[in-house]
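See structure below.
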Amino acid sequence: MLIYLELMQVLENVPLAAYTTFGIGGPARWFVEASTESEVLEAVHLARQKDSPLFVLGGGSNLLVSDRGFPGLVLHVGLKGIESHVFEDLVRFSVAAGEDWDAFVSLVVDKNCGGIECLAGIPGSVGGTPVQNVGAYGQEVAETIRVVRALDLRTLSFVELTAQECGFAYRRSIFNTSDQGRYIVTQVKYELISQAVPVISYADLKQYFREKSTVPTLEAVSSAVREIRRGKGMLIVPGDPDCRSAGSFFKNPVISSEHFTQILAHAGSSSVPHYPAENGQVKVPAAWLLDQAGFHKGYLLGRAGISSKHTLALINRDGASAADVAALRDAIIAKVSEKFAIHLEPEPVWVG
Ligand SMILES: Cc1cc2nc3c(=O)[nH]c(=O)nc-3n(C[C@H](O)[C@H](O)[C@H](O)COP(=O)(O)OP(=O)(O)OC[C@H]3O[C@@H](n4cnc5c(N)ncnc54)[C@H](O)[C@@H]3O)c2cc1C
């Protein structure tokens, strides 16, 4: 059934599975698509009129939507437009939240601007990138974001937040922690370096370019990232069941050095992979923990499973429900907690 508001179409009982990379999820009670800031505001007024919860949907690549769906209004952010301004050797891009992130990376790389070339191939919208401070292959968006423009749902006014005000950290920002649900991002301003020399700090990338004697171009780096991601099922490739996922399902846990020493003692070797984290803590790869707990590539639990190409990607293998994926998630969390006393934190947002 369709209801027409002044500007927007309001749809009812819209299945959300098609709006997610998992391909899972029941219906939204109401569903609207906003293509301007005034439509975003209008959607918020509509949700308030209906006394209904509001969920902001971007590209649906970091979500697990419940089988019952969402009992309120889903606002799909569809704002489009990209502007650029050159300031000496810097280029500032103002990008509407509904633009496709990977298409934006390609555009920037074509213009020979550096800073996000290693973030090629990440699905989702531009508006979704500051939420969990997306990162991969040695870069994070926090390094290039200067301003996030958003509707503040407390005051119903549009605000411009500096990168510092966004509180970026590993897979974190105010948008998914202290101020979760407060802001609807409508535009992100990135500052990139013109004619930049690409960043090759990540082991996989170093390995990829090991035999090249010249410094690779930005284009070569972003292509290499896409190729490596494809091999891991971390690129959306139509027909590849390993990419019916939300990417990495668990964050890499950060633990105290004492806790890490205990794990080393327990593992009986010094070969536990780890990286230094803030304040002398240690980051342990979640993929290693899953492997050690018996959850290997290709592991199956009902219609859900683990990707055959990447231990950290839980997949919708064969018409899985959200309950199937949640059962696998819970089994992994319980086993890793029992074996290592580490509570794994899921990366995707649970909706409904
Ligand atoms: C195959 C695959 C590979 C991936 N690889 C990576 C990776 O390498 N690194 C990484 O960091 N992530 C990765 N991801 C996760 C995901 O792509 C990112 O988190 C992405 O930025 C999510 O954006 P989205 O638009 O799809 O957000 P959605 O999934 O639609 O939403 C995610 C959260 O952000 C909120 N949100 C979305 N848009 C807005 C907005 N405009 N305003 C306010 N809140 C908003 C939603 O309410 C929700 O809470 C991967 C996912 C997949 C499927």
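The values are calculated or read from the model by the stated rules, or taken from the named source; none is laboratory data. Computed from a prediction, not measured in an experiment: that's the story for all the values here. In this analysis, Cβ positions are derived from the backbone assuming ideal geometry, glycine residues included, and neighbour counts consider all displayed protein chains. All accessible areas refer to the heavy atoms of the entire protein, side chains included, with ligands and DNA or RNA removed. Shrake-Rupley method; radii C 1.70, N 1.55, O 1.52, S 1.80 Å.
Things worth noting here:
- Considering residues of region 89-110 that are assigned to a loop (DSSP other than H, G, I, E, B) and touching a residue at least 40 places away in the same chain (Cβ under 8 Å) only, the residue nearest to Gln187 (Cα to Cα): Ala97
- Tally, over region 100-116, of residues that are open to solvent by 40 Å² or more (accessible area, probe 1.4 Å) and either on the phi < 0 side of the Ramachandran plot or not polar (S, T, N, Q) (or both): 6
- Residues considered: Val254, Val272. Of these, the only one that is open to solvent by less than 30 Å² (accessible area, probe 1.4 Å), more than 20 Å from Ile200 (Cα to Cα) and either touching a residue at least 12 places away in the same chain (Cβ under 8 Å) or out of contact with any strand residue (DSSP E or B) (no Cβ under 9 Å at 6 or more places or on another chain) (or both) is Val272.
- Strands (runs of 3 or more DSSP E) completely within region 14-68 that count 1 or more residues being within 22 Å of Val159 (Cα to Cα) and not acidic (Asp, Glu): 27-34, 54-57
- Within region 69-88, the set of residues being small (Gly, Ala, Ser) and assigned to a loop (DSSP other than H, G, I, E, B) comprises Gly69, Gly78, Gly81.
- Residues (over 18 Å from Arg171 (Cα atoms) and aromatic (Phe, Trp, Tyr)) located in region 330-352: Phe340
- Only listed residue being within 9 Å of the ligand (Cβ to nearest atom) and either among the aliphatic types (A, V, I, L, M) or out of contact with any helix residue (DSSP H, G or I) (no Cβ under 6 Å at 6 or more places or on another chain) (or both), chosen from Val131, Val44, Val74, Val95: Val131
- Inter-residue pairs, beta-carbon under 6 Å, first of a type in the set (Asp, Glu) and more than 11 Å from the ligand (Cβ to nearest atom) and in region 171-192, second open to solvent by 20 Å² or more (accessible area, probe 1.4 Å) and in a strand (DSSP E or B), 6+ apart: Glu191/Leu90; Glu191/Arg92; Glu191/Arg146
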